[in-house]
1. Show me the helices (runs of 4 or more DSSP H) entirely contained within segment 135-232 in which 3 or more residues are within 16 Å of the ligand (Cβ to nearest atom) and touching a residue at least 12 places away in the same chain (Cβ under 8 Å).
2. If G148 satisfies every condition in (1) surrounded by 22 or more Cβ atoms within 10 Å (Cβ to Cβ); (2) assigned by TED's automatic domain parsing to the domain that holds T61; (3) of a type in the set (G, A, S); (4) modelled with pLDDT of 95 or more but one, which is the exception?
3. Residues in segment 93-119 that are more than 21 Å from the chain's Cα centre (by Cα) and of a type in the set (K, R): how many?
4. Pick from segment 14-36 the residues that are in contact (Cβ under 8 Å) with a residue 24 or more places away in the chain and farther than 12 Å from L190 by Cα: which of them is nearest to the chain's Cα centre (by Cα)?
5. Could you please find all residues in segment 27-48 being in contact with a helix residue (DSSP H, G or I) (Cβ under 7 Å, 6 or more places away or on another chain) and closer than 18 Å to E210 by Cα?
6. Determine if segment 195-208 includes at least one residue that is under 22 Å from S2 (Cα atoms) and in contact with a Phe, Trp or Tyr (Cβ under 6 Å, 6 or more places away or on another chain).
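The values are calculated or read from the model by the stated rules, or taken from the named source; none is laboratory data. Keep in mind that this is a model prediction, so the values were computed, not measured. Cβ placement follows ideal geometry from the backbone for every residue including glycine, while neighbour counts extend to all protein chains displayed.
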Amino acid sequence: MSGLVVDGVDVHYGRVHALRSLSFEVGEGEIVSLLGNNGAGKTTTMNLLSGLVKATRGTITWNGTDLGSLPAHDLVTHGVVHVPEGRRIFSTMTVHENLMLGGYRVADASLVEKRVQQAYDLMPRLHERRKQQGGTLSGGEQQMLAIGRALVAGPRLLLLDEPSMGLAPLIVKQVMEIIAEVNQQGTTVLLVEQNAKAALRIAHRAYVVETGHVTLSGPAAELADDPRVVEAYLGA
Ligand code: ATP
């Protein structure tokens with residue numbers, strides 16, 4: 001199938017069995033969310049997809065390309081771009097410089113300029129702050145900058161690790177709206193979130209991950225009404 005297919009993946013950290021026969025799919029054009037509590041294996045899954053940890057079993061393909069055998073730095077040439085947890089922007093560089101860095105693998109300078117402009121159009125706040133150092137931004141603005149930098153790399157599959165972390169509810173809403181807009185403009189999104197409420201609002205489908213394994217999956221609207229999800233993840 002086209003899109004991302006994770007099939008029967010195991011990951012071990014020494015004796016810790018972090019992912020256990022994990023399987024899920026993200027079709028091209030979708031926003032799919034992986035939901036789960038602390039320690040469920042969400043970050044491990046992201047690190048697996050971005051080549052930072054290796055599976056001991058199973059396969060990962062993106063539009064037929066075996067991602068499991070690619071080194072992390074080659075993923076971006078296949079359109080797979082990761083926004084890690086904690087944002088990791090460069091705090092002593094300006095907003096504009098941070099955005100430009102997203103294009104470090106893009107040979108065409110005019111294309112980088114165009115994508116930076118598109119990021120500013122999508123997030124005018126970044127344009128207002130383009131000369132400020134990254135470290136002076138609010139948490140929400142830093143998350144926008146991390147997303148903007150990823151967009152400049154030209155993702156076809158955007159991997160977002162807990163973009164809502166540490167943000168106030170109103171800012172979470174803004175960040176989620178930006179992610180939905182990025183998706184509407186044609187980018188496939190895998191959204192890993194502990195904030196199930198926010199993620200289910202914009203996702204098309206979602207998977208619940210517990211101790212490294214999918215325990216529930218379905219259309220986001222159905223999961224949002226599922227009593228098991230409501231009780232465990234929506235705080236009702
Ligand atoms: P969080 O939201 O806290 O990041 P998570 O769902 O992302 O949680 P992971 O960080 O992927 O979960 O962790 C999955 C399991 O693997 C946990 O049991 C965790 O303790 C373990 N783990 C994660 N990283 C390592 C590591 N570097 N060495 C050993 N065990 C690890």
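1. On the way: elements: 139-152, 169-184, 196-202, 220-225.
Here the list reads 196-202.
2. Single failed check for G148: (2).
3. So the count comes out to 1.
4. Step one: list which residues in segment 14-36 are in contact (Cβ under 8 Å) with a residue 24 or more places away in the chain, which gives 17-36.
Then drop every residue that is not farther than 12 Å from L190 by Cα, which leaves 17-23, 36.
Values: H17: 23, A18: 19, L19: 18, R20: 21, S21: 21, L22: 18, S23: 17, G36: 14 Å.
The residue in question is G36.
5. Taking segment 27-48 and keeping what is in contact with a helix residue (DSSP H, G or I) (Cβ under 7 Å, 6 or more places away or on another chain), we get 31, 33-36.
Result: S33, L34, L35, G36.
6. There is at least one residue in segment 195-208 that is under 22 Å from S2 (Cα atoms) and in contact with a Phe, Trp or Tyr (Cβ under 6 Å, 6 or more places away or on another chain).
A quick yes/no check of all residues on (1) exposed (fewer than 15 other Cβ atoms within 10 Å of the Cβ); (2) in contact with a Pro (Cβ under 9 Å, 6 or more places away or on another chain):
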| position | (1), (2) |
| --- | --- |
| V182 | no, yes |
| L191 | no, yes |
| Q194 | no, no |
| L200 | no, no |
| R205 | no, yes |
| S217 | no, no |
| E222 | yes, no |
| G235 | yes, no |
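For every residue, the table says whether it meets (1) farther than 28 Å from Y104 by Cβ; (2) more than 18 Å from the chain's Cα centre (by Cα).
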{"site": "T44", "(1), (2)": "no, no"}
{"site": "L49", "(1), (2)": "no, no"}
{"site": "K54", "(1), (2)": "no, yes"}
{"site": "T59", "(1), (2)": "yes, yes"}
{"site": "W62", "(1), (2)": "no, no"}
